[in-house]
Ligand code: FE
């Protein structure tokens, strides 16, 4: 498998490039508009063909590259059914798969950070979006965030994956790149709670500033980033 973890410094976003083989099909997860040129160059250098770009959810802190990648490569663009984004060519649901050649990523619906958050699962790794971060979890105070739903997504879905499953989140603000389900279960401070109500109380007690780009990014991302300059 070809796998690359790419980092956007401005928004601390991770973008993932996956392909089964050289000369084959490629998938980008959570690409950032400003890095479109870098992705195109890397895809070319690795000799893979972008067929699909997918977002784990509507982001509030950066503009997606889904639209720009589709314009430049003719790839399909995908977001979950719950996004309501009219701009994508594929809308996925839990239980379906994202496929490039013989790589098949299982789709889990993991709401809580937003009501349109999904995770993508391979046998050895999971792309958790902002549902499960390394030693943290995604905030639940906007975009229909819901700490109770997030608790269920974490404890009933993601933490039920095998302990050794690698965790690749959509962001990290502390220089961490990868974790495992077992490591997060043991060391993630947000997960050391006695139950659902304790988790809800913990999340509701957080006092956070809005992301700098929220008023620009959210509407832009509803149109795959293509109208961001308007
Ligand atoms: Fe987010």
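Overview of values
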| read-out | value |
| --- | --- |
| Cα gyration tensor, the range 2-208 - rounded (a/c under 1.5), prolate or oblate | prolate |
| Förster radius 22 Å - calculated FRET efficiency between residue 174 and residue 93, Cβ distance, rounded to 0.05 | 0.10 |
| Ordering of 78-84, 58-64, 3-9, 103-109 by packing [mean C-beta count within 10 Å, highest first] | 58-64, 78-84, 103-109, 3-9 |
| Per-residue Cβ neighbour rank within 10 angstrom, fewest leading, 181, 214 | 214, 181 |
| Value of [θ]222 nm, deg cm²/dmol, for the chain, DSSP H segments ≥ 4, -39500 (n - 2.57) each, nearest 500 | -6000 deg cm²/dmol |
| Cα centroid separation, the range 36-86 to the range 105-126 (Å) | 17 Å |
| Full-extension gain in nm, residue 215 to residue 202, via 0.36 nm per residue minus C-alpha separation | 2.1 nm |
| Overall form of the range 1-104 per C-alpha gyration tensor (a/c, 1.5; a/b vs b/c) | oblate |
| Principal-axis tilt of helix 36-45 within the chain, Cα atoms, nearest 10 degrees | 60 degrees |
| The range 2-208, relative contact order [Cα under 8 Å, separation at least 6], % | 14 percent |
| Whether the range 96-230 is rounded, prolate or oblate, judged on the alpha carbon gyration tensor where a/c under 1.5 counts as rounded | oblate |
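Each value in this text was obtained by applying a stated rule to the coordinates, not by laboratory testing. None of the values given here were measured: they were computed from a predicted structure. We place every Cβ from the backbone using ideal geometry, glycine too, and count neighbours over all the protein chains shown.
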